[in-house]
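The block underneath contains the structure these notes are about, expressed in structure tokens.
The values are calculated or read from the model by the stated rules, or taken from the named source; none is laboratory data. Values in this document were obtained by computation on a predicted structure and should not be read as measured data. Methodologically, a virtual Cβ is constructed for each residue, glycine included, from the backbone with ideal geometry; neighbour enumeration extends over all protein chains shown. For accessibility, only protein heavy atoms count, side chains too; no ligands or nucleic acids. Shrake-Rupley method; radii C 1.70, N 1.55, O 1.52, S 1.80 Å.
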Amino acid sequence: MPSLDLNLIVVLHALLEERNVTRAGERVGLSQPGTSTALARLRRHFNDPLLERVNGQYVLTPLAQALHNQLGHTLDDLQRLLAAQPRFDPSTAERRFVIQCSDAVLEVLGPRLLASVAQTAPRVSLDFRAMNEAVVSDLLGTLREIDVLVAPRELFSPPEVPNAELYQDRWVCVTWRGNDSVSDRLTREEAARARWVMPFKHQFGASPSDAAMSALGIDRRCAVRVENFAAVGRLVVGTDLLVLSHERLVERHRGHELRELTLPSPLPSLTEVAWWHPVRQLDPGHSWFVDLLTEQAHALQRTPTEPPTAA
């Protein structure tokens with residue numbers, strides 16, 4: 001490896017972030033002379049000024065800008081590597097796990113997962129984050145910032161990253177029980193003529209349901225766009241709107257407020273999968289959490305209508 005004190009990398013990151021020797025020194029606990037000496041050593045190592053004064057202020061050189069774009073992730077990975085421990089005790093561990101998922105996953109799997117964590121790891125906290133465009137456009141970048149992403153396998157074709165299949169769901173077409181504008185067996189003409197509630201339309205590109213409906217020759221007319229799944233079943237009540245939703249979300253309302261419609265052809269099932277960054281493979285705490293998540297998801301798969309219980 002290059003003969004460079006790794007502590008200088010921390011100083012380099014502060015210098016590139018602050019673009020000011022004094023503030024960078026305060027950030028890492030060095031005096032101004034000490035920070036200036038570190039900057040001189042870094043300049044010699046990289047054979048580049050890194051920071052240049054332009055119009056009375058420091059700007060990054062092209063090399064420094066390239067380093068800045070990578071350095072934050074590199075330091076995060078290094079800290080995780082050096083923080084690796086041989087074992088993880090959930091009964092005493094104080095840790096926060098960040099999970100990014102749709103509100104459908106949170107509604108279906110969340111209660112069971114929370115009940116199990118509360119019983120087996122009382123000092124562990126969970127941070128659930130909503131899905132966004134970066135999940136598709138920059139999967140590895142997304143995985144660096146969180147512990148686990150739960151997303152449909154059908155949503156994208158990711159690079160080779162660690163993953164675990166959680167559970168399957170089914171796309172169902174539902175409408176309000178009082179809507180008599182469509183028959184129980186939906187024809188292509190009825191589907192094309194109907195007004196639809198469409199979650200996340202255009203946000204993640206063509207969803208698996210969009211692609212499947214297009215394959216049937218059905219171009220749905222979007223009347224209402226929402227950025228969640230959990231509310232769509234309730235939104236159609238009292239209207240003539242149709243929606244494609246997850247069966248596990250609407251099953252509690254089906255028969256009382258909602259009527260399921262048979263599509264001209266069945267849609268493929270939906271497989272929810274947990275994904276995580278390869279750098280977390282060394283972390284026994286992360287392995288414990290993935291095992292717990294998988295266990296609760298598989299229990300959900302076996303008993304889809306059973307209320308959540310702690311492991």
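List of remarks:
- Test result for Val136, among the hydrophobic types (A, V, I, L, M, F, W, C) and either over 30 Å from Ala223 (Cβ atoms) or touching a Phe, Trp or Tyr at 6+ places or on another chain (Cβ under 6 Å) (or both): yes
- Candidates Ala164, Ala118 - the one that is in contact with a helix residue (DSSP H, G or I) (Cβ under 6 Å, 6 or more places away or on another chain), surrounded by fewer than 17 Cβ atoms within 10 Å (Cβ to Cβ) and not in a loop (DSSP other than H, G, I, E, B): Ala164
- Residue, farthest from Leu67 (Cα to Cα), within the range 19-54, restricted to residues that are open to solvent by 80 Å² or more (accessible area, probe 1.4 Å) and not in a helix (DSSP H, G or I): Arg53
- Selection from the range 244-275 of residues that are in a strand (DSSP E or B) and open to solvent by 20 Å² or more (accessible area, probe 1.4 Å): Arg254, Arg259, Glu260, Thr262
- For the condition hydroxyl-bearing (Ser, Thr, Tyr), under 16 Å from Thr262 (Cα atoms), surrounded by fewer than 16 Cβ atoms within 10 Å (Cβ to Cβ) and in contact with a strand residue (DSSP E or B) (Cβ under 9 Å, 6 or more places away or on another chain), Ser125 does not qualify.
- Leading residue by the ranking (least open to solvent (accessible area, probe 1.4 Å)) among those in the range 93-115 that are within 19 Å of Asn228 (Cβ to Cβ) and charged (D, E, K, R): Asp103
- Boolean, Asp76 is open to solvent by less than 70 Å² (accessible area, probe 1.4 Å), at pLDDT 90 or above and of a type in the set (D, E, K, R): no
- One residue from Leu67, Leu113, Leu63, Leu81 being in a helix (DSSP H, G or I) and modelled with pLDDT of 95 or more: Leu113
- Enumeration of residues in the range 276-292 that are within 20 Å of Tyr167 (Cα to Cα) and either free of Cβ contacts under 8 Å to residues at least 60 places away in the same chain or surrounded by fewer than 19 Cβ atoms within 10 Å (Cβ to Cβ) (or both): Ser287, Asp291
- Residue in the range 200-219 that is modelled with pLDDT of 85 or more, on the phi < 0 side of the Ramachandran plot, of a type in the set (S, T, N, Q) and open to solvent by 20 Å² or more (accessible area, probe 1.4 Å) present: no
- Selection from the range 55-67 of residues that are surrounded by fewer than 14 Cβ atoms within 10 Å (Cβ to Cβ) and of a type in the set (Val, Ile, Thr): Val59
- Residues within the range 135-157 that are at pLDDT 85 or above and open to solvent by less than 20 Å² (accessible area, probe 1.4 Å), tallied: 9
- Filtered by the rule that a residue be modelled with pLDDT of 80 or more, of a type in the set (Asp, Glu) and either closer than 16 Å to Thr37 by Cβ or surrounded by fewer than 15 Cβ atoms within 10 Å (Cβ to Cβ) (or both), the range 1-18 gives a lone residue, Glu17.
- When the test is whether a residue is of a type in the set (Asp, Glu) and either closer than 17 Å to Pro278 by Cβ or touching a Leu at 6+ places or on another chain (Cβ under 7 Å) (or both), Glu145 passes it.
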